[in-house]
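Data block below; observations after.
The values are calculated or read from the model by the stated rules, or taken from the named source; none is laboratory data. Given the structure is predicted, the values throughout are model-derived calculations rather than measurements. Here the Cβ positions follow ideal geometry from the backbone for every residue, glycine too, while neighbour counts run over all protein chains shown. Keep in mind that these areas ignore ligands, DNA and RNA; they rest on the heavy atoms of the full protein, side chains included. Shrake-Rupley method; radii C 1.70, N 1.55, O 1.52, S 1.80 Å.
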There are 2 protein chains.
Amino acid sequence: MVVTVVYLIVVYDMRADRTRLMLNFLRKYLTHVQNSVFEGEVTEGDLETIRNHTESLLNPEESVIIYRVGSAQYVDRTVIGDDPTDDARFL
Amino acid sequence: MVVTVVYLIVVYDMRADRTRLMLNFLRKYLTHVQNSVFEGEVTEGDLETIRNHTESLLNPEESVIIYRVGSAQYVDRTVIGDDPTDDARFL
């Protein structure tokens with residue numbers, strides 16, 4: 001069995017008082033890098049779970065965008081300003 | 001002269017009452033795809049301008065993350081829920 005791993009950047013837009021649900025779910029799979037942005041390497045199976053579950057958490061007018069790249073090496077990442085991952089809330 | 005073009009995903013986290021400055025600036029170069037997310041193809045020169053100018057717009061505890069990939073073809077993009085780009089505000 002071959003397990004394919006992909007690199008994801010996930011951004012969401014939800015009503016502020018509802019984001020906790022999304023945060024708690026995405027934290028299980030990815031790293032929290034900015035207020036409403038997560039990143040990380042997951043299997044294709046996890047990607048499917050993330051797609052389905054994030055959809056179930058959304059209300060009308062809310063959205064999630066999942067960017068998928070083959071590997072982290074294809075993405076160059078620059079943080080400008082205050083890197084939120086330096087903050088303990090993001091650990 | 002060779003002009004190198006790169007594909008960017010730009011996400012920012014700013015105080016809600018200050019985002020207008022960032023929106024107006026990024027709109028000149030990129031497509032607005034979600035509340036605080038922009039995407040698009042720019043030259044290396046534009047990328048440098050975007051880096052410098054976004055930095056000048058930030059207050060402490062605010063941040064911008066710029067993801068850069070060689071080309072849009074390396075990124076697979078899935079929108080879940082309400083695609084904000086269907087909304088005229090995003091045109």
All but one of (1) facing another protein chain (nearest Cβ under 7 Å); (2) buried (at least 16 other Cβ atoms within 10 Å of the Cβ); (3) assigned to a strand (DSSP E or B) hold for B:Phe38; which doesn't?
-> (1)
Does any residue of the stretch A:74-91 turn out to be over 21 Å from B:Val37 (Cα atoms) and of a type in the set (A, V, I, L, M)?
-> yes
When you go through B:Phe25, B:Phe90 one by one, which is the residue that is in contact with a His (Cβ under 7 Å, 6 or more places away or on another chain) and at pLDDT 95 or above?
-> B:Phe25
Pair list, Cβ under 7 Å, 6 or more apart: the stretch A:19-33 residue of a type in the set (Val, Ile, Thr), other residue assigned to a strand (DSSP E or B) = A:Thr31/A:Phe38; A:Thr31/A:Glu39; A:Thr31/A:Gly40; A:Val33/A:Glu39; A:Val33/B:Ile65
Can you name every residue in the stretch A:1-28 that is open to solvent by 20 Å² or more (accessible area, probe 1.4 Å) and closer than 22 Å to B:Tyr74 by Cα?
-> A:Val2, A:Val3, A:Thr4, A:Val5, A:Tyr7
Small (Gly, Ala, Ser) and out of contact with any Pro (no Cβ under 9 Å at 6 or more places or on another chain), is that true of B:Ser71?
-> yes
Can we say B:Asp82 is more than 7 Å from every other protein chain (Cβ to nearest Cβ) and either hydrophobic (A, V, I, L, M, F, W, C) or surrounded by 15 or more Cβ atoms within 10 Å (Cβ to Cβ) (or both)?
-> no
Looking across the stretch A:58-75 at residues that are among the hydrophobic types (A, V, I, L, M, F, W, C) and over 16 Å from B:Thr78 (Cα atoms), the single one that is most open to solvent (accessible area, probe 1.4 Å) is A:Ala72
Among residues belonging to the stretch B:58-69 that are facing chain A (nearest Cβ under 7 Å) and in a loop (DSSP other than H, G, I, E, B), point out the one that is nearest to A:Ile65 (Cα to Cα).
-> B:Glu62
Of all residues in the stretch A:41-57 being assigned to a strand (DSSP E or B) and not hydroxyl-bearing (Ser, Thr, Tyr), the one that is surrounded by the fewest Cβ atoms within 10 Å (Cβ to Cβ) | A:Glu41
Output yes when any residue across the stretch B:34-45 is in contact with a Pro (Cβ under 8 Å, 6 or more places away or on another chain) and under 21 Å from A:Arg68 (Cβ atoms), and no when none is.
-> yes
